[in-house]
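Here's the structure, in C-alpha cells; my notes come after.
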Amino acid sequence: MNKNLERRDNESFLSYIERITENRKLYDADYSEWAENLVGKTYSSENARKAYYIVEPLIKKLKEEKIESITDEEILNELEMKRIEVLKERRKKQAINAEFNRLVRRQADTELYWEKFYNAVESLEPLKFPEPIEIDCCKREYLLAISDLHYAKEIKVHGLKNDIINEYNIDVFEKRMWDLQNQVVDVVKEKDIKKLHIFTLGDCIDGILRMSQLMNLQEGVVDSVIEFSEFMGTWMNELTNRVPIVLEYDQCWGNHDQIRSLQPKRDTFIQDNVSKLIMKFLKLRVQGNKNIKINESKTPLIYKNILGVDIVGFHGEDKNLELATKFIRSFYNVDVDMVLCGHLHSQSLVTEGIGKYGDVQCIRVPSLCGVDDYSISLKKSARAGAMLFTFEDGKGKIETRDFWLN
C-alpha cells in the first residue's frame, strides 16, 4: 500500500484531499488508488479518473478563494454554531408555544372563574325589587358617605372603668347598617329625597395585611367578600323598597381590600383588590332593580359630578390631604371641588383652596367600625358614624348631616 496516500496526524481532511490530489503523479498513484484513499471505496480506473478531473480544479478554486487554511476545528465550530442556531430557533418556537398555551389556559381559567361566579350569584334567592320610578331633573341631590366598614373584624376596646368603649363584629356591623338605614329613611321622608348617591370609601372588609390580623377575623377573606357583598346588595335593595328613591352606588379601593397573598408590601399589586369583585357581585345581585345603579371604576378613586360639584372619593392613606388633592387635580387633569376619604377612623375637615362654590373641602368621614387598635395608635378617638351631604343646583354643598351609630 502506498504510504504517501495515508492521512497524516493533525492533517485536516481538506488539506489531505489537496495533498494527495496535487501529488498523485509524484506519489506514483493511479486513479483507483487515489479514489479509494479519498472515499474508502474501490472504483474503476476510468470512473476514478473522471472524478479526479472534477476534484483537481475544485481544489485549485478553493485555494484561490483562500479556503485551504480552514481546519477541521473551524469546520466543527461552524457546524456547532449552526447547531446552536437551530436549537435557538427551536427553543424560540417552544417558548412561543408555551406562552400561547399559558395565555389560553389563563384565559380559559378566568372565563371559567367568572362563569362560576355569575352562576353562584344568580343561584341566590331572588330579591324583591320595587317598581321602577321616574324622576325629573332634581334641584337637590344627596350623598351618603360610608367608610372603613372592616366587615368580619372583631374589636373590643376596654375602658379604665372596666367598661367597653367599642365592640365590633359581624352582628354589630349589621345592627349599625340597619340603624343607619333607619336614619336615612327618616331624612328621605323629611326632605322628600328622590336621588341618593352612596360612596363607600374603602376597607369594606378587613383583609389580611399582616399575619396578626388572622386572630381578629371572624370569617376567611373569601367568605367575607361574599357575605359583605350579599349584605350590601340586600341593604340597598331594601332601602329602595322602603322609600321611592333612585340610588347610585360608587366604591373606592382601600388598603385592607388589597390581596397580599404573596407580597407583604402595600400597593405592590394595587389592581388585586376585592373591591372590584364586590362591585361585580352587587351589579349582578341588583341588576333587576331599575332604581339602583352600580358604577364600576377602573381606578382606585371615585370621580363624580353632582349638580355641578366635582367630587373625588378615595380611601385617604395620605396624611396631607391638601397635597393629595393637588396631585389628583394635576395628575388626572380634572377639576376638584370636594374630597371625601376615610382611613383614619375619625372625622376631620381641611380646606385646600377655592372651588366653584366656596372652599375646596377635604373631609375625612368617620368609620363604621369605630375606634380600634389602629385609631388608638394614632391617638384618634371617634364614634362610629357616616355623613350625608346635600347639594343644590347652582349653590353646591349646602348642608352636612352626621349619623352617629354607637
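Readers should treat all values here as calculations from the given coordinates under stated rules, not as data from a laboratory. It should be emphasised that the depicted structure is a prediction, and the values quoted were computed from it without experimental measurement. Positions of Cβ are generated from backbone atoms using ideal geometry, with glycine treated the same way; all protein chains shown enter the neighbour counts.
Quick notes on this one:
- Only Lys, Arg, Asp and Glu carry charge here, each on its Cβ (+1 for the first two, -1 for the last two); on that basis the range 83-181 has a dipole of about 1140 debye about its Cα centre.
- 10 Å binning of all Cα-Cα separations within the chain, expressed as whole percents from 0 upward: 4, 17, 22, 15, 7, 4, 4, 5, 7, 8, 6, 2, 0
- Residue order, fewest to most beta carbons within 10 Å, for LYS161, LYS128, LYS326: LYS161, LYS128, LYS326
- Within a Gaussian network of the chain (alpha carbon springs, distance under 10 Å), most fluctuating of ALA108, ALA48, ALA382: ALA48
- Using a cut-off of 19 Å between Cα atoms, the listed pairs LYS191/LYS397; LYS195/LYS276; LYS194/LYS290; LYS326/LYS356 include LYS195/LYS276 as exceeding that distance.
- Ordering of 236-242, 334-340 by burial proxy (mean other Cβ atoms within 10 Å per residue, highest first): 334-340, 236-242
- With the simple model of a label 7 Å out from the Cα in the direction of the Cβ, LYS41 to LYS25 spans 2.9 nm.
- Amide H contacts of TYR303 (H built 1.01 Å from N, under 5 Å, at least 5 apart or other chain): GLY313
- Shape call, the range 353-406: gyration tensor on alpha carbons, a/c limit 1.5: oblate
- Only Lys, Arg (+1) and Asp, Glu (-1) charged, at Cβ; the chain dipole about Cα centre in debye: 300
- Dipole axis of the chain (+1 Lys, Arg; -1 Asp, Glu on Cβ), positive-most option in LEU201, SER297, GLY355: GLY355
- Each of LEU284, PHE173, VAL371 was placed along the dipole of the range 140-404 (beta-carbon charges, centred on the mean Cα), and the one lying farthest toward the positive end is LEU284.
- Karplus-derived 3J(HN,Hα), 6.51/-1.76/1.60, for each residue of the range 12-24, Hz, glycine and proline x: 5, 5, 5, 5, 5, 4, 4, 5, 6, 6, 5, 10, 4
- The tail of the calculated P(r) for the range 3-64 beyond 15 Å holds 46 percent of all Cα-Cα pairs.
- Report summary: the helix-based calculation at 222 nm, which adds -39500 (n - 2.57) for every DSSP H run with n ≥ 4 and divides by the residues of the chain, gives -13500 deg cm²/dmol.
- Between ARG383 and ALA108, full extension at 0.36 nm per residue minus the direct alpha carbon distance yields a gain of 94.3 nm.
- In nm, spacing of pseudo-spin labels at PHE100 and SER32 (7 Å Cα→C-beta vector): 5.9
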